[in-house]
Amino acid sequence: MKQFEIGKTYILMSLCNREVTWTYKVIGRTAKTIKFEDDRGNVKTCRIVAQISEWRGAESVMPLGTYSMAPVLSADKIAG
């Protein structure tokens, strides 16, 4: 399974509009949590969602919350 790496930046796209994106840089991690800094300098800690991660084959978190159309940030979406 692909994992989030400290120092790398990942991209998250809106489900409704692919032109809307957020970037998150990993600044810390534990076995079950990831600590991010977003493109505005805000720091957030998110729990890795095991069920989604297993299905995608890459660690996944939901930094904007859990709701019906919430986008999922995945370790295989490295910002380029």
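With labels modelled as points extended 7 Å from the Cα through the Cβ direction, what inter-label distance (nm, one decimal) is found for GLN51 paired with LYS25?
For GLN51 paired with LYS25, the spin-label model returns 3.4 nm.
Bin all alpha-carbon pair distances of region 9-74 at 5 Å intervals from 0 and give each bin's fraction as a whole percent.
Result returned by the calculation: 4, 18, 28, 29, 17, 5, 1.
Counting DSSP beta bridges with both partners in the chain, what percentage is antiparallel, nearest 5?
Approximately 95 percent, going by the DSSP bridge assignments.
Evaluate the relative contact order of the chain (contact order divided by residue number), counting alpha-carbon pairs under 8 angstrom at least 6 apart; express in whole percent.
It rounds to 31 percent for the chain.
Read-outs: derived from the displayed coordinates by stated rules, not from any lab. In this text the structure is predicted, and so the values were computed from the model without any measurement. When we count neighbours, we look across all protein chains shown, and the Cβ atoms used for this are built from the backbone with ideal geometry, even at glycine.
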